[in-house]
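Please read the structure below before turning to the comments.
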Amino acid sequence: MTTTYAVLSEGLEKRFGAVHALRGLDLAVAEGTVCGLLGPNGAGKTTAVRLLTTLLRPDGGSARVAGHDLLREAADVRRRIGVTGQYASVDGDLTGRENLRLFARLHRVRGPAARAGELLERFGLGEAADRRASTYSGGMRRRLDLAASLIRRPGVLFLDEPTTGLDPASRARIWQAVRELKSEGTTVLLTTQYLEEADQLADDIALLDRGRVAHTGSPAELKALVGSHVEAVVAEAGALPRAAAVLDRLTGREPVLDHERNAVGAVTTDPTLTLPRLVRELDASGVPLLDAGIRPATLDDVFLRLTGETTDSKEPVA
């Protein structure tokens, strides 16, 4: 089965003076999936989104978005995508309904009033539809902004930090909206600093570091690269060397000792290492055990382990 890509870039480059923001971005996002674009500050996430949405022109490389060449068919790309940024772009002096009707008319959508009403109800804004957007909470404004980006039913939706600053309930509503869009066939490219968000929503993750994609894979695949954390807490400090020897043998990694807690830990990528086996091996070596555990990797572990140190410079604002 041949995979069709909604976003496909090869070697995208972008400089801002002496700052090399993108250093050959290779990205492939399959149609109808959610791709999480992760990376430390300055890694190039926002620059990548600006390039792929035609807001910036690349200095090198090529890309196709929604089936169209990014440079030669930029107008066609813009007609087939939706964009929601970190900050709401709606007009606070207009009501929610007026905002969406305005967007619908600007995009020449048939039946602008009906489309606006449909989206207001979908995003739980029906009761507030005729209030000025300036009276909306942050979560309501973000949902209205997302509704505006969907006014034309885009094939590809770019979400750049869509839930920054939102409370958990508002964030959950945005997550549900993204899941529904995916189920309807919309492709979503999501940048986020909330790693739980990427874990919950993304089919695949592209981990950016210093302007290029350093690692790709599903959340589960990236966690497997990092491995699980194994730890044993012993009853007496003198048992730490014996516990460390057991963990060294079982994991093949150099253990780390925590003398304050009388604990020793190591990382393993061996899926056959279970907690019962760990306890048996420690007991067989005469280790007086207080506690033991094997914690699967999180995306936080992936982020910290697979990226370099965060750069001090911020991504330039275009």
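All of the numbers you see were taken from the coordinates with simple rules; none came from a lab. Every value quoted in this text rests on a predicted model; they were computed, and no experiment measured them. When we count neighbours, we look across all protein chains shown, and the Cβ atoms used for this are built from the backbone with ideal geometry, even at glycine.
Points worth noting:
- Summed over qualifying helices (DSSP H, 4 residues or more, each -39500 (n - 2.57)) and divided by its residue number, the chain shows a 222 nm mean residue ellipticity of -10000 deg cm²/dmol.
- Dipole magnitude for segment 8-52: about 260 debye, using +1 per Lys or Arg Cβ and -1 per Asp or Glu Cβ, origin at the Cα centre.
- Within the chain, the longest segment free of exposed loop sites, counting GluC sites (Glu not before Pro) that fall outside DSSP classes H, G, I, E and B and have at most 10 other Cβ atoms within 10 Å, spans 1-126.
- Per-peptide average of other Cβ atoms within 10 Å, ordering 167-175, 34-42, 269-277 highest first: 34-42, 167-175, 269-277
- Among residues other than THR216 with Cβ under 10 Å from its Cβ, the summed charge is -3 (Lys and Arg +1, Asp and Glu -1).
- For segment 172-181, Karplus couplings with θ = phi - 60° (6.51, -1.76, 1.60), whole Hz, Gly/Pro x: 5, 5, 5, 4, 4, 4, 5, 4, 5, 4
- Counting Cα-Cα pairs of segment 1-140 in 10 Å increments starting at 0 gives whole-percent bin shares of 10, 32, 29, 24, 6, 0.
- Cα convex hull of segment 206-318 - mean projected area over all directions, nm²: 8.8 nm²
- Viscosity 1.567 mPa s, temperature 4 °C, Stokes-Einstein D of the chain from Kirkwood C-alpha radius, µm²/s: 59 µm²/s
- In the chain, lysine pairs with alpha-carbon atoms under 24 angstrom apart (chain gap of 8 or more, or interchain): 6
- Other-chain or far-sequence residues with amide H under 5 Å of GLY24's (modelled H): LEU12, GLU13, LYS14
- Antiparallel bridge percentage (DSSP; both residues within segment 100-230; nearest 5): 50 percent
- Here is the list for segment 31-100: trypsin sites (Lys or Arg not before Pro) lying in DSSP coil, each with at most 14 other C-beta atoms within 10 angstrom of its C-beta, are ARG72.
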